[in-house]
Structures are given as C-alpha cells and as structure tokens.
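Okay, structure first, notes after.
The values are calculated or read from the model by the stated rules, or taken from the named source; none is laboratory data. Remember, predicted model here, so these are calculated numbers, not experimental data. Neighbour counts are summed over all protein chains in view; Cβ atoms, including those assigned to glycine, are modelled from backbone coordinates with ideal geometry. Side chains are part of the model used for accessible areas, which takes the heavy atoms of the whole protein and leaves out ligands, DNA and RNA. Shrake-Rupley method; radii C 1.70, N 1.55, O 1.52, S 1.80 Å.
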Amino acid sequence: GNRMGNQPPEKSQSSPCTTGQVSEDPFAPVRALGEHDELATAVLAYLIHSGQVTLRPSSDDNAESLYQSQESEDELRSKIAYCIKDNDICQLIQQSSSFECRKITHWCQKNLAGCVRQRETTMSNRRGGFSPSTKAAMQSKYLPNSNRKVAQFSAKLNSGFFSQDGTMFVSSCQDQHIRLYNVTHNTLKCFQDVTCKDVGYCVVDTSMSSDNSHFIYSSWHECIYLCSVGSDDEMHVQIQLKPPDVMRFCPFSIRFSPDNAHVLAGGNDGCIYLYDQTRAERTVRVRF
C-alpha cells in the first residue's frame, strides 16, 4: 500500500493564543506568541492581568483555553479588595494606624490636650509614650485628606507659599502677577493683586517678612523689588544687588532675615548677596 496512507495523520496545530501546555505560569500563552506579534502579546497580557480573560483547563488534560470573564469590573475590584483586607499586611497596617481603635481616634481629635496629659497613664504603652495608633489619630486631625479647587489662573502658576503665621497665601504666576490671599476661616479670598516690574520670563522667587508687612520678589533682573502688603498704591522699591558685569543675572532664591532688617539673595553667578535695608545698600557679596 501507499506509505503515505499508512502514516498517522498529522496533529492540527492549535493557535498559541488558545491552547498550550499546562503550566503554573498564567502568562505562558502570552510568551507562546513569541516575537511575531508584539501587539497581540501586549493585549493578551493586559486582559489576563486585568481579569477580563481567565485560563481554564479544557477537555484535553494537556491543554488549557482562554475564556472571557463574565464578571463586571466592579465585581473584580471587590474581589481584589476582599483579598487585600483578608491579608496579614492589612492587619499590620491597621495595628499601626488610627483604625486600630476608633474610640481613641475620636477622643484624640476632640481633646488633644487631654490626650497629651494622659500620655504617661492610661493611654500609654509600656515604654511610656504614645502607641502608633494614638500618634496616627492625633496627626490625622492636622493632615488634609481632601482637596478642592479654590482658584483658577489664566497662566501657569510658578510658586506659592504661606506666611509664617498661616493667615496668608502668596502666589506668583507667569502672567507677571503676584496675588495675596486671606486664608482664615478655611477660605481663600484674594485681597491684593500686584503687577510685577522688570519680569524676564517669570517671577522666580518671592518671600514674606515675618511681620507680614512687606514681600519681595525677583526675576531675571539685577534688582529685587519690595512691596507693601495691603497697600492701595503699588510701590515697588528697588533693592540694588549691584552684581558684577554679567550677561544675565537672576537672584534665584531670596529671603528676609528674622528681624526683617536684611535681605539675603543667591544669584546665578554663584554668589550670595546681603542687602542692608537700614543703610539701603548691598553690604556683602560672597562667592562659593
């Protein structure tokens, strides 16, 4: 007879996307695609990882097939959340956070001074200090856990900072404006809008005096400008740093001294400048 007729029929080759050898690695079908179709490999890996496609054994003991998950995305997320909660790591996190004892959390937030007074007695641990859950409960009163939009600008916002007493917020924008906000009573209300002078590209840095009476700003210019807080007239007093002959000069960082008598500036020329406001002149220039 014909030898070709006596040969057993060749096994049909299955698509590497649907069948393969049984393996503990759920991504074995993905690697079976090889380098022939990188897009299909990436898509299949994403579907398996997201749970939209699952691997199940087929009728053949040596094969497995891909099945589309019938569960919704919310159901898959709830399963993942359940697995996270039923985990030793979750228990350890709860023990070191304020979730360990909600009564302690509520009491610490209502009566922080009393919690401090009883630090060494009923609420203390064996070491005589606060437990991790008590620390987390006290800190949660002052750490923000939500956000909301409080201001909208027509240009990019370069910098912003609070005054030392926390009653004002100062912002500088690429529209060459510095805005001062009153942030008392958990609100943000703009009470002064200053148009800056001699701005090269943007306002680089700003600083507020410790008594909240003046603020300074710098840009790509050899001068720093001093302005009054809450003043109707926009007086911009020049603080001349008098740098040596350089093509472009910029005080990158500026600060008031604690007594507000001096202004300290760090320039792009590698020097620190000290300006005496009483004498109205730059007194020190140090190169690093």
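Table for the structure above
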item: Which numbered condition LEU180 fails, given (1) open to solvent by 20 Å² or more (accessible area, probe 1.4 Å); (2) of a type outside the set (S, T, N, Q); (3) closer than 16 Å to GLY160 by Cα; (4) touching a residue at least 12 places away in the same chain (Cβ under 8 Å); result: (1)
item: Neighbours by Cβ (under 8 Å, 6+ apart or cross-chain): first from segment 134-157, within 30 Å of VAL116 (Cβ to Cβ); second aliphatic (A, V, I, L, M) and surrounded by 10 or more Cβ atoms within 10 Å (Cβ to Cβ); result: THR134/ILE104; THR134/MET123; ALA137/ILE104; MET138/LEU112; LYS141/LEU112
item: Matching entry among TYR201, TYR217, TYR225 (being at positive phi and hydroxyl-bearing (Ser, Thr, Tyr)); result: TYR201
item: Among residues of segment 244-254, those that are crowded, with 16+ Cβ neighbours inside 10 Å and touching a residue at least 40 places away in the same chain (Cβ under 8 Å), counted; result: 3
item: Those residues of segment 147-172 which are closer than 23 Å to SER210 by Cα, at pLDDT below 90 and open to solvent by less than 40 Å² (accessible area, probe 1.4 Å), in sequence order; result: SER159, GLY166
item: Filter result (under 16 Å from VAL203 (Cα atoms) and among the aromatic types (Phe, Trp, Tyr)) within segment 152-168; result: PHE153, PHE161
